[in-house]
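Structure first, then comments.
Computed from the coordinates by the stated procedures, all read-outs in this text should not be read as laboratory data. All values derive from a computational prediction rather than experimental measurement. Methodologically, a virtual Cβ is constructed for each residue, glycine included, from the backbone with ideal geometry; neighbour enumeration extends over all protein chains shown.
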Amino acid sequence: MYRNTLAYFLEDLWSKGFKLSDEDVQFIYFGKNSANAPEWKTIVAVKMTLKVQQTFDPSFFISILEHIAKTDITNKRMAYESIEEQLSIAKTTSR
């Protein structure tokens, strides 16, 4: 199995003790397909969701994924920078 696939990533999470429910995994694939996002962007969205929320939050995940699914985001660095920018904007507007 290719090590950068979404399936491998989710399996790796499981082996590290982070157990996503079957519903969570189904939602991740649903989000990937509905946003028409490549696997690497889906993985970035899952990683950021878990990092920020400390759990899998489907609505947070889908908002992150839809944000980075844009075609002008072409690499991981751009994706992470764009997410961080959105999160900092959200923090300043919620105060």
Exercise. Add -39500 (n - 2.57) for each DSSP H run of 4 or more in the chain, then divide by its residues: what number comes out at 222 nm, to the nearest 500 deg cm²/dmol?
Worked result: -23000 deg cm²/dmol
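When the Kirkwood radius is taken over all Cα pairs of the chain, what Stokes-Einstein diffusion coefficient follows at 20 °C and 1.002 mPa s, in µm²/s? All intermediate terms of the calculation are to be shown ahead of the outcome.
Details: Rh = 13.7 Å.
My calculation gives 157 µm²/s for D.
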Problem set entry | lysines with Cα under 20 Å of K70, excluding same-chain neighbours fewer than 8 positions away | K32, K41, K47
Seminar exercise, completed: Under the 7 Å Cα-to-Cβ spin-label approximation, K76 and D57 lie apart by a distance in nanometres of 2.4
Exercise. Along its principal axes, what span do the Cα atoms of the stretch 31-76 show, with the longest given first and each in whole Å?
Worked result: 27, 20, 14
For this session: Scan the chain and note any complete DSSP helix (H) whose C-alpha atoms cover at least 18 Å along its axis and whose Kyte-Doolittle average is 0.0 or more.
Result: 39-53
